[in-house]
Amino acid sequence: MARMKFTSRGVVLPLAALYFLVPIGASIWFSVNEVEGVSFDAYTKGLGAEGLTTSLMLSVRLGLATIVCGLLLMVPTLVAVVLYLPRLRRIVEILCMMPLVVPPIALVAGVTTVLSWEQDLADTPLYMTFQLLRDEDFPLVLVLVYTVMSLPFLYRSLDAGLRAVDLRTLVEAARSLGASRLQTLWQIVVPNLRTAVVGGAVLSLAMVLGEYTVASVLSYRPFSVWMVEIKDSEAQLSVAAAMLSLLITWGLLLLLTTLAGGRSRRRANSVRENRKKTVS
Amino acid sequence: MADTTAPPPTGSGAATPADSAPAGSAPADSAPATGPDAPVAPPSRPVRDDVRPGPGARRRGARRHRWPVVVPFFAFLAVCFGLPAGTMVYGAFTVVDPASGTGRFSTENVSGSLSGAYATGLTGSVELSLMTALLATVIGTLIAQAVVSSPRPALRGIVVSAGGVLANFSGAPLAFAFIATLGTTGTVTQLFHLDRTGFSLYSFTGLVLAYLYFMVPLMVVTVLPALDGLRAQWQEAAASCGATRGQYWRHVGIPVLTPSLLGGAVLMFGTAFASHATAAVMVGSSQPLITIQIANALNGNVLVGQENLALAMSLNMVVIALLVMAVQIPLQRRSTRWLG
């Protein structure tokens, strides 16, 4: 096993780099390669193509709505669970991880069936709710499904954030200085959880921007569905759009690592100092 | 010990908001609040009831006051997750009589979803997921080990951030990237005339290649912390007892890592099993996969009135995912013992 060193560094990393870089390079080449040489038409003209802006904006709006919905739901719940209802912690954790067991395609199968009750409910006020949920311009049903799908990321990132701060002391201090419950939540708890909140939000946004399954089964047309729809007529444009979405994901996650990296390093340092103090 | 730990909580409690909110929003806002609110403050203050025992009635009132905070969460999950999931289970066991429109209990859908083409789809999905999970676990661990043992710290930063991006690069965009690379008119296909060798992207092998593109990075990111937990001292201790590198890995490294590796493999299986978009865009219906069959049944592409069959197939997926996840639970406890 003296080869171990050789295989792991000398061969594995270059091979991995090759495997991961070739598809990206080949795709970029595919999107600019024309019979008479290189052309960036797919990128320049493509950006003005019919449907791109509408679908991309729909994806972004859905993503932002999902983030707002998920955070409004999760932050108060997790804070209350940590502070007052520790017995619920396990239940909340299991519930938040449930979407990992139910794949998106299975979830959307259930959602389609629920939505098909619309006809039976035509005479009741609930009918209006269904109409609102399925609004072509801004399908709320997608926001709800995406919020469910983002619960695991949100839980993991917020839970890690909550473990890192002494929430009870913070809240007691704030409350004893006269802050109201909402003030405490908004001005003390949320700033202290900033990294966790941003981390969860960015991961949900990346998930929503790339989501295809749910939107295509429910026949809406966000960015990724649009990309697939044009693939037969304009192959180059769809590959260019794929590269654009890779770029967007990359930008989003770069933002996240920059934010998280700066913070966690500072926190790690202070933890180490505290430990030194306790030991001495 | 008691007197060294007692002061820090108050100290760190006061210091944390000041440290971590450099904008100073916390101290700046709470300081003036003490002025005008100070007289009103005491009665509503105690956050923990046991700090200042009040009359029983008030304490119970305060406790009841806290429940509404978590009610939206449970209500949301009940409506947006419980309702579809419940409908799925109910629908899977219901057959609607076309004449009268009434439903009755039956296992027809479930048995239908486990036979014929649908059984092939289910086994196809399981095979693909097993294959990719195994490969992703092995390759991901090798890459992560190469990164951990590398003397250059910059490499780690690059691999972690690239892993984060590529792990999220799945679905339709990934399918396009592979079609543009290895598809019939793909760049690499044309460059090396791969079509003459009989290679096709629209096959099981093609799917494995594409799935690994987002699964390997996910595995690298997942397994890195566990590999960090392997102490250099263990290797030195093994070496000073005369063990070779191979013996160290066989008797120390791999056994300590086994729970983390299996946990990673379970995660990989779940990811591959649930993934639909990549395969749907890349191979369409040419490969039998349960996710694609469910989508087709839902869209009414096959036959009208197959919704309940789709629900039964979804139920099968959930059951398999549950079984696989169940493997992981006892393992997690073992891994925290060594690598916690």
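Read-outs throughout are calculated quantities, based only on the coordinates presented, and are distinct from any laboratory measurement. Computed from a predicted model, the values in this text were never measured in an experiment. Here Cβ is always computed from backbone atoms with ideal geometry, including for glycine, and neighbour counts include all displayed protein chains.
Compute the Kirkwood hydrodynamic radius of region A:114-175, taking the inverse of the mean of 1/r over all pairs of distinct Cα atoms, and give it in Å to one decimal. Present the calculation step by step, with values, prior to reporting the outcome.
Details: mean 1/r = 0.0666 Å⁻¹.
One over the average 1/r among Cα pairs gives 15.0 Å for region A:114-175.
With the radius of gyration and the Kirkwood radius both derived from the Cα set of region B:117-339, what is their ratio Rg to Rh? Don't skip to the answer; put the middle values down first.
Numbers: Rg = 20.3 Å, Rh = 19.4 Å.
Radius of gyration over Kirkwood radius for region B:117-339 works out to 1.05.
Sorted largest first, the spans of the alpha carbon positions of region A:73-170 along the three principal axes are 52, 27, 26 Å.
Sorted ascending by nearby beta carbons within 10 Å, beginning with the fewest, B:TYR213, A:TYR146 become B:TYR213, A:TYR146. Between A:TYR127 and A:LEU72, the modelled label-to-label distance comes to 2.8 nm, taking each label 7 Å out from Cα in the direction of the beta carbon.
The modelled label-to-label distance for the pair A:LEU64/A:GLU229, using points 7 Å beyond Cα in the direction of Cβ, is 2.2 nm. Average 1/r across all pairs of distinct alpha carbons in region A:217-260, invert it, and you get the Kirkwood radius: 11.8 Å.
Would you compute, from DSSP H runs of 4+ residues alone, the mean residue ellipticity of chain A at 222 nm, taking -39500 (n - 2.57) per run and dividing by the full residue count, rounded to the nearest 500?
Numbers: 12 runs with 198 residues, N = 280.
About -23500 deg cm²/dmol.
Projecting label points 7 angstrom from Cα along Cα→Cβ for B:VAL208 and B:MET325 puts them 2.8 nm apart. Measuring how big region A:51-268 is from its alpha-carbon positions, Rg and Dmax come out at 19.8, 65 Å.
Identify the residues of region A:172-210 with backbone N under 19 Å of a label point that sits 7 angstrom from the Cα of A:ALA160 along the Cα-to-Cβ direction, or state none. Under cut-off, by backbone N: A:190-208.
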